[in-house]
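Participant: What follows is a structure written as structure tokens; I'll ask about it next.
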Amino acid sequence: MALKNRISGAPGDSRAYVELAFAYDVEAVQASSAMANETLRAAIELAPHDPDVLRLQVNRFTKGGKWKDALPLLIQLAEYHLDQNAATVLAKWSSQDVNVSRALASSVQSQSRWPMRVLDALRRTGFPVANVVPLISESIAKGLMTHLILQHVMQSLKADGHWADAYGIWMQQNAGSLPLLYNASFDKPLRADGFDWELNQHSGLRPGAVAQRMRLSDRGYVLGIQYSGRSIAGPVVRQELFLIEGRYRLDGQYMAEKLRSEKGLAWVARCASDQSELGRSSSLLDSRGNWMTFGFDIVVPRSCVSVVVLQLETAASFEAAAGVTGRAYFDNLTLVKVGAIAGAPTTGEVVRLTK
């Protein structure tokens with residue numbers, strides 16, 4: 001009654017109309033109620049950008065199943081009123097329905113701030129990412145994406161098995177052109193959570209192996225690994241490769257100093273889905289400081305579903321537990337497709353480089 005008296009005494013009191021409209025909404029007055037509808041229309045006319053008016057309209061549209069009409073209002077709330085609830089609703093809806101994500105993508109502008117608020121809500125809530133790819137892709141295209149959110153997107157897509165979507169986003173970041181093996185000579189800084197080299201995140205005071213991209217005076221940047229003699233947890237370095245069915249050839253160069261290992265090291269290609277072996281190098285033993293070449297075939301069957309993991313292991317599994325000492329360096333890796341599947345993969349041979 002007090003609000004109606006305020007409106008009667010001051011017909012232009014926009015706040016009174018907003019508060020009365022909210023009261024009707026809270027009391028669940030039927031949308032067909034002439035008084036409720038008239039009050040909301042007046043609130044919209046007097047204060048069209050008021051966040052409470054926007055929320056009232058969103059409530060009306062969502063109750064009526066009109067999500068398309070609610071989207072622009074939720075975008076306004078997330079963009080201009082920093083409304084986290086609105087951003088969370090958009091994140092939830094887009095994660096559940098790719099059509100919502102496509103509609104949101106069409107609304108992204110180069111100066112928009114709401115997309116990152118929506119995608120940050122996606123990160124905080126843990127909603128599935130796959131259906132949100134259209135919005136993610138458009139945000140990248142408009143130069144809006146942040147490193148933190150991109151990391152979450154790539155991790156989530158990979159973890160949920162959406163490799164094609166993850167690789168598509170990786171291609172978009174790299175202008176749509178990529179070699180089969182990224183950063184094969186380690187010349188570029190490593191990029192986390194893409195399809196670049198991933199180094200073992202060691203823990204403890206003395207891990208079994210520490211890998212790093214480093215510079216040698218006579219070669220430029222290489223991959224360097226220091227082995228401490230302690231047990232090695234997992235592969236020291238790995239890269240996920242997006243490969244179709246076929247036969248491939250990997251070649252590279254390595255140098256090992258004071259490497260104390262019975263069987264040496266080996267590059268191994270495994271299917272990401274079941275860890276089955278698709279190819280491995282011959283044993284890479286101590287080279288007494290000389291640079292050597294190595295190479296081997298990788299045979300990718302159709303059952304591998306396009307994702308192969310190339311990783312550096314100890315040639316004998318027992319040495320991962322027993323430990324290895326010394327240093328190893330790798331450089332100038334190449335990966336090419338050589339044809340269709342025919343015969344078993346070969347390990348190739350290790351040959352010393354001549355100066």
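The values are calculated or read from the model by the stated rules, or taken from the named source; none is laboratory data. What you see is a predicted model; the values in this text were computed from it and never measured. Backbone-built Cβ (ideal geometry, glycine too); neighbour counts: all protein chains shown.
Participant: Within the set of pairs 6+ apart or on separate chains, which have a first residue in segment 108-133 that is closer than 13 Å to T146 by Cα, a second that is surrounded by fewer than 19 Cβ atoms within 10 Å (Cβ to Cβ) and of a type in the set (D, E), and C-beta atoms under 6 Å apart?
Facilitator: Partner pairs satisfying both residue conditions: none exist.
Participant: Can I ask one more? What are the residues in segment 323-344 that are more than 29 Å from the chain's Cα centre (by Cα), at positive phi and part of a strand (DSSP E or B), if any? Before you say what the answer is, go through the steps one by one.
Facilitator: Applying the first criterion (more than 29 Å from the chain's Cα centre (by Cα)) to segment 323-344 yields 323-328, 338-344.
Now restrict to residues that are at positive phi: 323, 326, 339, 343.
Selection gives G326, G339.
Participant: Can you report the number of residues in segment 170-218 which are of a type in the set (S, T, Y) and either closer than 30 Å to S139 by Cα or not assigned by TED's automatic domain parsing to the domain that holds A320 (or both)?
Facilitator: Of the residues in segment 170-218, 3 are of a type in the set (S, T, Y) and either closer than 30 Å to S139 by Cα or not assigned by TED's automatic domain parsing to the domain that holds A320 (or both).
Participant: Could you list, in sequence order, the residues of segment 136-157 that are assigned to a helix (DSSP H, G or I), of a type in the set (S, T, Y) and under 12 Å from the mean Cα position of the chain (by Cα)? Please lay out each step first, then the result.
Facilitator: Within segment 136-157, the subset assigned to a helix (DSSP H, G or I) is 136-141, 147-157.
Add one more test, that the residue is of a type in the set (S, T, Y), and what stays is 137, 139, 156.
If the condition is that a residue be assigned to a helix (DSSP H, G or I), of a type in the set (S, T, Y) and under 12 Å from the mean Cα position of the chain (by Cα), then S137, S156 are the ones that fit.
Participant: From the list A320, A316, which residue is within 18 Å of S276 (Cα to Cα), touching an Asp or Glu at 6+ places or on another chain (Cβ under 8 Å) and either modelled with pLDDT under 95 or part of a loop (DSSP other than H, G, I, E, B) (or both)?
Facilitator: Details: A320 fails: within 18 Å of S276 (Cα to Cα).
Result: A316 is the single residue among A320, A316 that is within 18 Å of S276 (Cα to Cα), touching an Asp or Glu at 6+ places or on another chain (Cβ under 8 Å) and either modelled with pLDDT under 95 or part of a loop (DSSP other than H, G, I, E, B) (or both).
Participant: So the check is Cβ under 6 Å with 6+ separation or different chains; which pairs have a first residue in segment 298-317 that's more than 18 Å from A164 (Cα to Cα) and a second one that's among the basic types (K, R)?
Facilitator: V299/R247; Q311/R238; A315/K263; A316/K263
Participant: Here's a follow-up. Assess whether I298 counts as being of a type outside the set (S, T, Y), in the same structural domain as G208 (by TED's automatic domain parsing) and not in a strand (DSSP E or B). Step through it out loud before you land on a result.
Facilitator: Details: of a type outside the set (S, T, Y): yes; in the same structural domain as G208 (by TED's automatic domain parsing): yes; not in a strand (DSSP E or B): no.
The answer is no for I298.
Participant: For S107, state whether it is surrounded by 18 or more Cβ atoms within 10 Å (Cβ to Cβ), on the phi < 0 side of the Ramachandran plot and at pLDDT 95 or above.
Facilitator: no
Participant: Looking only at segment 173-184, decide whether some residue is part of a helix (DSSP H, G or I) and within 30 Å of Q109 (Cα to Cα).
Facilitator: Residues of segment 173-184 part of a helix (DSSP H, G or I): 173.
The next check asks that each one be within 30 Å of Q109 (Cα to Cα); those that pass are 173.
There is at least one residue in segment 173-184 that is part of a helix (DSSP H, G or I) and within 30 Å of Q109 (Cα to Cα).
Participant: Looking at G289, G326, G339 in this structure, which one is surrounded by 17 or more Cβ atoms within 10 Å (Cβ to Cβ), assigned by TED's automatic domain parsing to the domain that holds R247 and among the small types (G, A, S)? Before you say what the answer is, go through the steps one by one.
Facilitator: Working: G289 fails: surrounded by 17 or more Cβ atoms within 10 Å (Cβ to Cβ); G339 fails: surrounded by 17 or more Cβ atoms within 10 Å (Cβ to Cβ).
Of G289, G326, G339, the one residue that is surrounded by 17 or more Cβ atoms within 10 Å (Cβ to Cβ), assigned by TED's automatic domain parsing to the domain that holds R247 and among the small types (G, A, S) is G326.
Participant: Can you tell which of Q212, Q253, Q226, Q239 is outside any loop (DSSP other than H, G, I, E, B), polar (S, T, N, Q) and within 17 Å of M292 (Cβ to Cβ)?
Facilitator: Numbers: Q212 fails: within 17 Å of M292 (Cβ to Cβ); Q226 fails: within 17 Å of M292 (Cβ to Cβ); Q239 fails: within 17 Å of M292 (Cβ to Cβ).
The conditions single out Q253.
Participant: Checking the conditions here, which among S317, S228, S261, S276 is closer than 26 Å to G339 by Cα, not assigned by TED's automatic domain parsing to the domain that holds A166 and not charged (D, E, K, R)?
Facilitator: Numbers: S317 fails: closer than 26 Å to G339 by Cα; S228 fails: closer than 26 Å to G339 by Cα; S261 fails: closer than 26 Å to G339 by Cα.
Result of the check over S317, S228, S261, S276: S276.
Participant: Within segment 82-105, is there a residue that is hydrophobic (A, V, I, L, M, F, W, C) and touching a Pro at 6+ places or on another chain (Cβ under 6 Å)? Steps first, answer last, please.
Facilitator: First, the residues of segment 82-105 that are hydrophobic (A, V, I, L, M, F, W, C): 82, 86-87, 89-91, 93, 98, 100, 103-105.
Keeping just the survivors that are touching a Pro at 6+ places or on another chain (Cβ under 6 Å) gives 105.
So far as segment 82-105 goes, yes, one or more of its residues are hydrophobic (A, V, I, L, M, F, W, C) and touching a Pro at 6+ places or on another chain (Cβ under 6 Å).
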